[in-house]
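Visitor: Okay, here's the structure, questions in a sec.
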Amino acid sequence: MQQVIEGDAREVMKTFPEKSFHLIVTSPPYNVGVNYGAYRDNLSEEEYFDFAEEWLKECYRVLVDGGRICLNIPTYNWRGRFNMYFRYYELMTLLGFMDRDTFIWVKMDGLDFAHSAKIYGTISPHNPHTKYPYELILVMQKGKDTLEGEETDLRYREFFKWSHTIWFIRPEYNRIHPAPYPEELPYRLIKMFSFVGQKVLDPFCGGGATLRACKKLKREATGIDLNPEYVEMCRRAVSK
Ligand SMILES: C[S@@+](CC[C@H](N)C(=O)[O-])C[C@H]1O[C@@H](n2cnc3c(N)ncnc32)[C@H](O)[C@@H]1O
């Protein structure tokens, strides 16, 4: 079963019972001024991490023991000039999560370079900025190391390839959502970190890549998003 709920992830998650999901796969707003319609993506650094603390606390509560959370984030926030990965790592550790893995998603196209040049202007030794043609997937766990479950669909070859943690995957674009991730990303994470039939949550489901991957992989998915247009897009995608 796939369900998509319209609302604020912080409030919606409070209605879920404790330990009700085996895996969380998500990409939160990056706070870089993207226009998501219903959400202001330009908070101060403090406001942004207060917001993150609220939804991550709920993530911790609803995960089973041995469950993982996979967070797709950029390394660095160029708008607020802080290290996103480090701040999330620190916050999640304080909330009780334990570090497991970090994947590097290399975005295989030139767009990021064009984007960076636009932001940073002329490149010179006065004050050069480095560029990030990749994003990270921070994987943390709750409680014990092992997840209980029976039927796996993870093949030896997939595990062998994906457990080498640099992933080359082309980004995805669509006309409705401004910042989707490619379905291949949640597809790999879901196969690696959950069993067939288990429950997966995406609290910021956007256009629905996580839900589409769950449907293919026979996992039960719950997606949440504030924006009714994205919720509609997800519902259409999973009803096909
Ligand atoms: C980076 S995008 C996720 C994109 C998604 N992974 C995809 O592939 O389409 C972040 C999403 O969070 C949603 N959002 C922002 N604040 C929210 C909140 N408080 N509760 C639920 N969704 C929220 C935005 O509408 C946006 O769709």
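Readers should treat all values here as calculations from the given coordinates under stated rules, not as data from a laboratory. Since this is a predicted model, take the numbers as computed values, not measurements. Note: ideal-geometry Cβ built from the backbone for every residue, glycine included; neighbour counts use all protein chains shown.
Visitor: Loop-only check: which GluC sites (Glu not before Pro) in region 140-175 are DSSP coil with at most 10 other Cβ within 10 angstrom?
Guide: Of the GluC sites (Glu not before Pro), the ones in loops of region 140-175 whose Cβ has at most 10 other Cβ atoms within 10 Å are Glu150, Glu151.
Visitor: Quick one: putting +1 on the C-beta of Lys and Arg, -1 on the C-beta of Asp and Glu, what dipole do you get for the chain around its Cα centre, in Debye to the nearest 20?
Guide: 760 debye
Visitor: For region 23-87, what's the radius of gyration and Dmax over Cα atoms, in angstrom?
Guide: Considering region 23-87 through its Cα atoms, Rg and Dmax are 12.6, 36 Å.
Visitor: For Glu47 and Lys216 in one chain, what is 0.36 nm times their gap in residues minus the Cα-Cα distance, to one decimal in nm?
Guide: In short, 57.2 nm is gained.
Visitor: At 10 °C and 1.306 mPa s, what whole-number value in µm²/s does Stokes-Einstein give for the translational diffusion of the chain, with Rh from the Kirkwood sum over Cα pairs?
Guide: 86 µm²/s
Visitor: How far, in nm, would the chain grow between Lys57 and Arg155 when pulled straight, counting 0.36 nm per residue and subtracting the alpha carbon separation?
Guide: The Lys57-Arg155 span can extend by a further 32.0 nm.
Visitor: Quick check on the exposure proxy: order Tyr156, Tyr134, Tyr187 from fewest to most C-beta atoms within 10 angstrom.
Guide: Lowest count first: Tyr156, Tyr134, Tyr187.
Visitor: Based on the alpha-carbon set only, what is the convex hull volume of region 122-240 divided per residue, in Å³?
Guide: Given the Cα convex hull of region 122-240, per-residue volume reads 174 Å³.
Visitor: Another one. Residue farthest toward the positive end of the dipole of the chain, with Cβ of Lys/Arg at +1 and Asp/Glu at -1: which of Met13, Phe51, Ile137?
Guide: Ile137
Visitor: Still on this structure, I have one more. Among Ile137, Ile166, which comes first, second and so on when ranked by fewest other beta-carbon atoms within 10 Å?
Guide: Least to most surrounded, the residues fall as Ile166, Ile137.
Visitor: Holding the Cα-Cα limit at 20 Å, pick out from Lys191/Lys216; Lys191/Lys218; Lys161/Lys240 the pairs that are longer than that.
Guide: Pairs exceeding the cut-off: Lys161/Lys240.
Visitor: Going by amide H atoms built from the backbone, whose H comes under 5 Å of the H on Gly197, apart from near neighbours?
Guide: Arg219, Glu220
Visitor: Between Arg81 and Glu172, what is the label-to-label distance in nm when each label sits 7 Å out along the Cα-to-Cβ direction?
Guide: Computed distance between label sites Arg81 and Glu172 equals 3.5 nm.
Visitor: Given the C-alpha atoms of region 177-228, compute the convex hull and give its volume per residue in Å³.
Guide: Output value, Cα hull per residue: 66 Å³.
Visitor: Additional query: So in region 17-197, what percent of DSSP beta bridges are antiparallel if you round to the nearest 5?
Guide: Within region 17-197, antiparallel bridges account for around 65 percent of the total.
Visitor: Out of Lys161, Lys199, Lys57, any idea which swings most in a Gaussian network model of the chain, alpha carbons joined below 10 Å?
Guide: Sorting by GNM fluctuation, first place goes to Lys161.
Visitor: Extending each Cα 7 Å along its Cβ direction at Ala38 and Leu95, get the distance between those two points in nm, one decimal.
Guide: With each label placed 7 Å out from Cα toward Cβ, I get 2.0 nm.
Visitor: Counting only helical runs of four or more DSSP H residues, what would the 222 nm mean residue ellipticity of the chain come to if each run contributes -39,500 (n - 2.57) and the total is spread over all its residues?
Guide: About -10000 deg cm²/dmol.
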